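K.L.:
Okay, here's the structure, questions in a sec.
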Amino acid sequence: QKEVEQNSGPLSVPEGAIASLNCTYSDRGSQSFFWYRQYSGKSPELIMFIYSNGDKEDGRFTAQLNKASQYVSLLIRDSQPSDSATYLCAVRVYGQNFVFGPGTRLSVLP
Amino acid sequence: NAGVTQTPKFRILKIGQSMTLQCTQDMNHNYMYWYRQDPGMGLKLIYYSVGAGITDKGEVPNGYNVSRSTTEDFPLRLELAAPSQTSVYFCASTDLGGQSSYEQYFGPGTRLTVT
């Protein structure tokens with residue numbers, strides 16, 4: 001059973017702080033890693049993807065991947081109340097199939 | 001460009017009834033997926049398709065069937081609905097080729113209640 005795990009939260013941070021979201025995965029053959037944001041009652045939308053070890057930055061978001069530790073994280077700098085949502089970690093394990101984690105609920109307090 | 005569309009948005013079924021959830025994409029994507037999302041949980045793959053005429057089971061296929069007669073459409077059939085199938089159903093599609101093309105585009109979801 002290929003698994004993706006995340007802290008369910010809720011993770012609460014004050015506005016302007018850095019939010020750190022973590023994800024671990026069980027399949028060493030995993031190839032690509034994705035972070036989706038899902039607002040309540042809405043469908044997931046892609047924030048970032050990463051497939052090489054190291055950091056990848058896009059605006060206020062940074063994804064970090066460590067394949068040796070089977071760990072991927074998402075940092076959100078200067079967190080805003082509009083960032084309050086559930087963040088889903090997804091892993092492409094083979095072909096075109098993806099395994100999703102349970103999501104971490106983030107609350108950014110004004 | 002509508003992206004991925006799903007109908008209906010909401011549905012209440014009685015136990016034992018059947019229904020079809022519709023999914024259409026206009027991006028000419030080869031790969032299409034059906035997921036279910038239970039409250040507070042992530043997405044579980046029900047079925048997927050790599051192209052017209054080709055479908056395969058995902059993690060939780062029992063109680064569901066799919067078909068893919070065209071590139072655009074990927075309907076999900078529920079036979080003999082059970083309370084355990086109460087969930088939000090998302091259809092998604094993705095293109096083939098290039099790491100950046102593995103983004104999945106999701107439809108707005110269908111909220112199904114079986115009572």
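Read-outs throughout are calculated quantities, based only on the coordinates presented, and are distinct from any laboratory measurement. No experiment lies behind these values; they were computed from the predicted model shown. Using ideal geometry, Cβ is built from the backbone for each residue, glycine included, and neighbour counts are taken over all protein chains shown.
K.L.:
Could you work out the per residue convex hull volume over the alpha carbons of the protein assembly as shown, in cubic angstrom?
P.N.:
Convex hull of Cα atoms, per residue: 122 Å³.
K.L.:
Follow-up question, since we're still on this one. Give the relative contact order (percent, whole number) for segment A:11-64; include only Cα pairs under 8 Å separated by 6+ residues.
P.N.:
21
K.L.:
How far, in nm, would the chain grow between residue A:53 and residue A:107 when pulled straight, counting 0.36 nm per residue and subtracting the alpha carbon separation?
P.N.:
Length gained between residue A:53 and residue A:107: 16.6 nm.
K.L.:
Further question on the same structure: Could you tell me the relative contact order of segment B:28-115? Use alpha-carbon pairs under 8 Å, at least six residues apart, and round to a whole percent.
P.N.:
29
K.L.:
Each label point is 7 Å from the Cα along the Cα-to-Cβ direction; what then is the distance between the points at residue B:20 and residue B:67, in nm?
P.N.:
The modelled label-to-label distance comes out at 0.6 nm.
K.L.:
Continuing with this model, one more query. Name the residue farthest towards the positive end of the dipole of chain B from the options B:104, B:60, B:80, assuming +1 on Cβ of Lys and Arg, -1 on Cβ of Asp and Glu, about the Cα centre.
P.N.:
Sorting the options by dipole projection puts first B:80.
K.L.:
Pull up all non-local amide H partners of residue A:27: gap of 5 or more, or a different chain, and H-to-H distance under 5 Å with H placed in the peptide plane.
P.N.:
A:3
K.L.:
Starting from the Cα gyration tensor of segment A:1-51, multiply each eigenvalue by 5, take the square root, and state the resulting semi-axes largest first in whole Å.
P.N.:
The equivalent ellipsoid of segment A:1-51 has semi-axes of 23, 14, 12 Å.
K.L.:
What spacing in nm lies between the two simple spin-label points modelled at residue A:31 and residue B:111, each 7 Å away from Cα in the Cβ direction?
P.N.:
In this crude spin-label approximation the distance works out to 3.7 nm.
K.L.:
Over chain A, what relative contact order in percent results from Cα pairs under 8 Å that are six or more residues apart?
P.N.:
38
K.L.:
Given 10 Å bins starting at zero, what is the percent of C-alpha pairs of chain A in each, up to the one with the largest pair distance?
P.N.:
Histogram of Cα-Cα distances, whole percents per bin: 16, 50, 29, 5, 0.
K.L.:
Give me the inter-chain shielding for B:25-34: mean count of other chain Cβ atoms within 10 Å, whole number please.
P.N.:
Counting Cβ atoms of other protein chains within 10 Å of each residue's Cβ and averaging gives 1.
K.L.:
Using only alpha-carbon positions, what ratio does the radius of gyration of chain B give when scaled by 2.2 N^0.38 Å?
P.N.:
Here the answer is 1.01, to two decimals.
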